[in-house]
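Just so it is clear, none of the values below were taken in a lab; they were calculated from the coordinates. Worth saying up front: this structure is predicted, and the values here are computed from it rather than measured. Please note: Cβ atoms are built from the backbone with ideal geometry, for glycine as well, and neighbour counts cover all protein chains shown.
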Amino acid sequence: PRLANQIAAGEVVERPANIVKELVENALDAGATRIEIDAEQGGVKLLRIRDDGHGIEHDDLPLALSRHATSKIITLDDLEAVASLGFRGEALASISSVTRLTLTSRAQHAEEAWSVHAEGRDMAASVTPAAHPVGTTLEVRDLFFNTPARRKFLRTEKTEFSHLEETVKRLALSRYDVAFSLRHNGRVIHQLRSAERTIDREKRVASLLNKDFIDSAVHIDAEAVGLQLQGWVGLPTFSRSQADMQYFFVNGRVVRDKLVVHAIKQAYRDVLYHGRHPAFVLYLWLDPKLVDVNVHPTKHEVRFRDGRLVHDFLFRTLHKALGDVRP
Ligand code: ADP
Ligand code: MG
C-alpha cells in the first residue's frame, strides 16, 4: 500500500515549481554536470530545462513520456535504499498531460539528436530529427492550457517564480558538483559554477541565500556514531529575518522535520540563551537503511529509525560548535 501511495502522489503537478523539481531531478539522475533553467512568466508560459547528461536513445524517446515507464527499476528493496531521485516513472507523463511538451535529446555516442512532442494527452506519432549536443532539453509551454479549472489556482507571476526559485535553491544547495543557471524572462537570476572547495561552496550559499549569513556563520564538520554533519549555522549577529533560511538535507535530500528543528533550537537556547529563528544550511549523512526519506515525494518528510540518536548527535554537535565561538 505504501508503494501505491507513493506512485499516486507522483500525480501532483500543481505549479511550475513542481515541474522544475521533477525535470532537474531527471537531469541529475542522468549524470548532468550542468543544468540550465529558463522560465517565462513564472514558468507558466515556458520552462526550458537543458542538461548535459547521458541523454535518451531514439527508440526510448516516446517511451519516456508514457506512464510508469521508468528506466530506473523499482523493487521494494530499491525503495529501502533509493539512490536515484526518480523511481515512479510518471513525472513526464503527468507533465505532458497538462502542457505542450517537447523532449529533445541526444544519447551518448549517438550520431544525431531526436525530438518528440506532446500536447495534453495527444502525442505526435513521430520522432523527428533535431539539433542538440549530448544531453537533454525539456521544453514545457502553457501549463494547464487544457485544464482551465486548474489554471485558476495558479498565483501571480511573482509568486509562482518565487516558488520556482526556492525549488532551484534547494536543488543547487544539494549538488555543489553541478553547475546551475536560472533565468527568468531572459534575465539571469542565478549563475552557479560547480563548487568543490569549501570556499567555493560558501560562495554558492552566499549568492543563493545571503552573504551576511555565510560571513557570520559557524562552519560545521563533525562525525560520530555513524552520523556525519556538515554545513553552516548562523550566529545571532546575522539578524535579518531568518525564519525561512532553514535548509536541512538528509543524504542529499531536503527535508522538513520537527525533531531536527527541535534539536537545533535547543542547542541555540542552551548556548546563546535564546532559540529564535536559527538560520542554517546543514547536511546530515547516515546509512540509508536508518532513514526513510520517501515517505511522500513532495512533502519532504523523513522518518529516522532512531530519532533519539539523531537528535542527540545534532544537539551535541551544534552545542559544541556554538559554544566554541560564543562571544
Ligand atoms: P522517472 O524519473 O521516475 O524514471 P520520469 O517520468 O521522470 O520517470 O522520466 C521517465 C524516463 O525518461 C526516465 O526513467 C529516464 O529514462 C528518461 N529521462 C527523463 N528525463 C531525462 C533526462 N533529462 N536525461 C535522460 N533521461 C531522461
Ligand atoms: Mg523523474
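Numbers below:
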quantity	calculated
Chain lengthening between R187 and R303 when straightened (0.36 nm per residue, less Cα-Cα)	37.8 nm
Protection proxy ranking of 160-172, 15-27, 119-131 - average other beta-carbon atoms within 10 Å, highest first	15-27, 160-172, 119-131
Global form of the stretch 210-325, assessed from the alpha-carbon gyration tensor, a/c cut-off 1.5	prolate
